[in-house]
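No lab work stands behind these numbers, since they all come straight from the coordinates. All of these numbers come straight from a predicted model, not from anything done at the bench. Ideal geometry is used to build each Cβ from the backbone, glycine not excepted, and the neighbour counts take in all protein chains shown.
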Amino acid sequence: MNDTDILRANFTISDAAKREIENLRRFWNENVPEPAGVLTVSWGFYHFNSGEKAENVVISFYSESQLPMVAHGIQRVSGIDLVFFTLPEYLPKFEGKVIDHTPDRSFFLRKP
Amino acid sequence: MNTNDLVKIEQYRRFLRPDWRRWLPPDPERGLTREQREALRHDFMLRDRAFETPLARRLRKEQEAREREEQEHLEAEHQAEIEREALKLKAELASLRFELVMAEFRRKASFNQNQPRVPASSPDGGQWSSDGVGRPGEAADVEPSPEPDRTRVAQYSIGTLIGQSRVQGRGWVCFYKFSFGTVMVQGPTNLQCQTWVPAAGVSHGKLIANDN
């Protein structure tokens, strides 16, 4: 594998996460200049202003204007079209996991 | 061109006839495999080199110098582009760090942006007003900020792409700036960085306990 490979999604998405993704999409369309196109799932490294660091799954969207450039990477996971934007070294973090959402923890990965 | 090639050129110069092509069959590459064809062409090149005229040699060297120069120019341009990208990213990070330091200073000095100042027309224009509002550092009239709705802020703040860099063998590295910090995401080079990212994965500004 190299840095141009589009990886197959190796996770699923829970119903709670799907509902929250729809909320997020509505929020996006109201607050971002360009409408949300397709969902993206990636792994993020957080550097807080306090100096703390964290890692977590990042849920976002490509805007509609970006769709033609990323259409080749779209795949369907748990009934949702998404682009899995990550590198092979982060695949094990997603392996067999479920993306879930709770009001307390926001989006997170859990075992099935 | 290695030492063996140079030796072979010398041998051809001594023992081969300059009109060696006359003894070749009409299609010398017929029936050869790709590797054999390449070897044959290389051998012919060495023979030609052995009987190269001074003029042909001069033209060849000029051509090689031109190609070398073009290659160096291309490489220098590529290097400059990488350095420009790195500097741009460095500048953005420095700006971020500066903002963080300023925010920390403001917090320490209890800076209140809404505190009244003396009008510009007065000799003390721009100074902090002393009409009961207080000087910097005093907390008069400063309402304690209510406890922020952490869940909403964390979940629904939007981060903007402030820099992206293509790292050899490591794909795209995308940097997003949020009110609470920065987030870095990596992905393959045949996709692209998202322009905005909601801080969907952060809850209450704490580490998320994933099942990893």
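Take B:PHE98, A:PHE11 and order them by how many other Cβ atoms sit within 10 Å, fewest up front.
The order, fewest Cβ neighbours first, is B:PHE98, A:PHE11.
Hey, what do the phi angles of region A:65-79 turn into as Karplus ³J(HN,Hα) couplings, whole Hz, using 6.51/-1.76/1.60 and θ = phi - 60°, x for Gly and Pro?
Values per residue, Gly and Pro as x: 5, 8, 3, x, 7, 10, 4, 5, x, 6, 9, 9, 10, 6, x Hz.
Mind checking which of B:GLN63, B:PHE15, B:PHE44 is farthest towards the positive end of region B:3-72's charge dipole, using Cβ charges of +1 (Lys, Arg) and -1 (Asp, Glu) about the Cα centre?
B:PHE15
With point charges of +1 on the Cβ of Lys and Arg and -1 on the Cβ of Asp and Glu, referenced to the Cα centre of region A:12-110, which listed residue (A:THR102, A:LEU87, A:ALA54) lies farthest in the positive direction of the dipole?
Result: A:THR102, furthest along the dipole toward the positive end.
By count of other Cβ within 10 Å, fewest leading, how are A:GLU55, B:GLU99 ordered?
Least to most surrounded, the residues fall as B:GLU99, A:GLU55.
Which of A:VAL58, A:VAL32 comes first, and how do the rest follow, when ranked by fewest Cβ neighbours within 10 Å?
A:VAL32, A:VAL58
Tell me, what is the FRET efficiency for B:LEU74 and B:GLU35 to the nearest 0.05, using R0 = 45 angstrom and their Cβ-Cβ distance as r?
In this case the efficiency is close to 0.90.
Can you pull the Kirkwood radius for region B:1-98, inverse mean 1/r over Cα pairs, to one decimal in Å?
17.9 Å
What do you get for trypsin sites (Lys or Arg not before Pro) in region B:1-40 restricted to DSSP loop and a cutoff of at most 15 other Cβ within 10 Å of the site's Cβ?
The qualifying sites are B:ARG30.
Once a ≥ b ≥ c are taken as the square roots of the eigenvalues of the Cα gyration tensor of region A:12-110, is the result rounded (a/c under 1.5), prolate (a/b larger than b/c) or oblate (a/b not larger than b/c)?
rounded
Could you tell me how far the Cα centroid of region B:39-60 sits from the Cα centroid of region A:10-24, in Å?
68 Å
At A:PHE45 and A:LYS111, where each label point lies 7 Å from the Cα along Cα→Cβ, what is the point-to-point distance in nanometres?
2.8 nm
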